[in-house]
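Quick notes on the structure that follows.
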Amino acid sequence: MSDLKPKIDASKYKLNTEQVSVKHSLSNHSHISLEQLSSEFNRFEQIDNTDTLHIQALSDLFPKYLISECNKTDFHLFMAMSRYDRKNNTYVIGCFDNQHFEFKLISYKWRYKDGIKWKTRAGTSPNSTPLIRIYTDDRPVYVIEGHRDSATAILLGLDFIMLPYAGYKIKENISLVEEVSDRRLIFLVEDEAAYKCMLNVANILQTTARDIELKSLVSHVGKVDLSDYVQRFNSIKEVINDL
């Protein structure tokens, strides 16, 4: 069944088999097999930058400069995680677990389906699994919330930890504390719920991190996440400089 797995190069991630020990059991919450899930995800259309509907779906979510300026490796990873559902005329993002150096699909979400802004595939439980992409040795590590923000962070080329939702609880014995040892952590906080969640994570990771900053993304228009934030700029360089 290996041909059903999304083609994602795990070497783009720095984690090893000991570095993430967040416990979750997909089997306790899922009514579909991982093979079926992968088959469904890969039946959606791969993003084609010559398809008008695909282009529109991406432009609704990401500013054009992110797609045009991003690093080739980042772009390939983004494309591997992205699909288009022509039946529902919407973008689909894969939700992955990169524990044990395996990039395993555990769910996917539609952008607007059945009146829901981000609808999770029924029978899956992605909200217990963070996504960690730390592939450099010295850059700041951004802590963000949500799967759309993880796609934005990939296009920006950031080192990041994606918390799946504002109610996420990190385990105190998680070996991620070793991964962020002597690193600068910047938590991008969009609202009060995110602050409470991220403060809990910060308290755990501060034992090894060099320094920690909680940066508010709230603006005069209200709640702002990383994906909203990048809409203010005209280039990846401008975003990085401002961050």
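Residue-wise test of (1) open to solvent by 10 Å² or more (accessible area, probe 1.4 Å); (2) within 19 Å of I144 (Cβ to Cβ); (3) modelled with pLDDT of 95 or more.
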{"position": "M81", "(1), (2), (3)": "no, yes, yes"}
{"position": "V92", "(1), (2), (3)": "no, no, yes"}
{"position": "F101", "(1), (2), (3)": "yes, no, no"}
{"position": "K104", "(1), (2), (3)": "yes, no, no"}
{"position": "R111", "(1), (2), (3)": "yes, yes, yes"}
{"position": "T120", "(1), (2), (3)": "yes, yes, yes"}
{"position": "S128", "(1), (2), (3)": "yes, yes, no"}
{"position": "R133", "(1), (2), (3)": "no, yes, no"}
**Report entry** Yes/no for L61 being modelled with pLDDT of 95 or more, surrounded by fewer than 18 Cβ atoms within 10 Å (Cβ to Cβ), under 22 Å from Y165 (Cα atoms) and of a type in the set (A, V, I, L, M)
**Finding:** yes
Query raised in the report: If you go through region 37-49 one residue at a time, how many are surrounded by fewer than 18 Cβ atoms within 10 Å (Cβ to Cβ) and modelled with pLDDT of 95 or more?
Result: 7
Query raised in the report: Could you list, in sequence order, the residues of region 37-54 that are under 14 Å from I93 (Cβ atoms) and part of a loop (DSSP other than H, G, I, E, B)?
Result: F44, I47
Report summary line: Counted residues in region 143-159 being surrounded by 24 or more Cβ atoms within 10 Å (Cβ to Cβ) and in a strand (DSSP E or B) come to 3
Requested in this report: Test D85 against the stated conditions and say whether it is more than 23 Å from Q231 (Cα to Cα), modelled with pLDDT of 95 or more and open to solvent by less than 40 Å² (accessible area, probe 1.4 Å).
Outcome: yes
Query raised in the report: Taking the stated definitions as given, is D242 over 25 Å from K119 (Cβ atoms), modelled with pLDDT of 90 or more, out of contact with any helix residue (DSSP H, G or I) (no Cβ under 7 Å at 6 or more places or on another chain) and open to solvent by 10 Å² or more (accessible area, probe 1.4 Å)?
Result: yes
Report summary line: Given the conditions (1) farther than 20 Å from M198 by Cβ; (2) charged (D, E, K, R); (3) open to solvent by 20 Å² or more (accessible area, probe 1.4 Å), every one holds for D97 apart from (3)
Query raised in the report: Is it the case that some residue within region 190-204 is outside any helix (DSSP H, G or I), open to solvent by 40 Å² or more (accessible area, probe 1.4 Å) and among the polar types (S, T, N, Q)?
Result: no
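Okay, residues lined up against (1) farther than 29 Å from S235 by Cα; (2) in contact with a Phe, Trp or Tyr (Cβ under 8 Å, 6 or more places away or on another chain):
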| residue | (1), (2) |
| --- | --- |
| S68 | no, no |
| H76 | no, no |
| K113 | yes, no |
| A122 | yes, no |
| N127 | yes, yes |
| Y135 | no, yes |
| V141 | no, yes |
Query - Qualifying positions in region 186-212 - over 22 Å from P164 (Cβ atoms) and not polar (S, T, N, Q) - result: R210, D211
Requested in this report: Considering only region 81-140, give the strands (runs of 3 or more DSSP E) lying wholly within it that have at least 3 residues that are closer than 23 Å to Q56 by Cα.
Outcome: 82-85, 90-97, 104-113, 116-120
Report summary line: Considering residues that are touching a residue at least 24 places away in the same chain (Cβ under 8 Å), assigned to a helix (DSSP H, G or I) and either hydroxyl-bearing (S, T, Y) or within 25 Å of I240 (Cβ to Cβ) (or both), the number found within region 55-80 is 15
Query raised in the report: Any residue at all in region 163-175 that is open to solvent by less than 20 Å² (accessible area, probe 1.4 Å) and part of a strand (DSSP E or B)?
Result: yes
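The values are calculated or read from the model by the stated rules, or taken from the named source; none is laboratory data. Keep in mind that what you see is a predicted model, and the values were worked out from it rather than measured. So basically every Cβ, Gly included, is an ideal-geometry build from the backbone, and we count neighbours across all protein chains shown. SASA here: full protein model, heavy atoms, side chains in, ligands and nucleic acids out. Shrake-Rupley method; radii C 1.70, N 1.55, O 1.52, S 1.80 Å.
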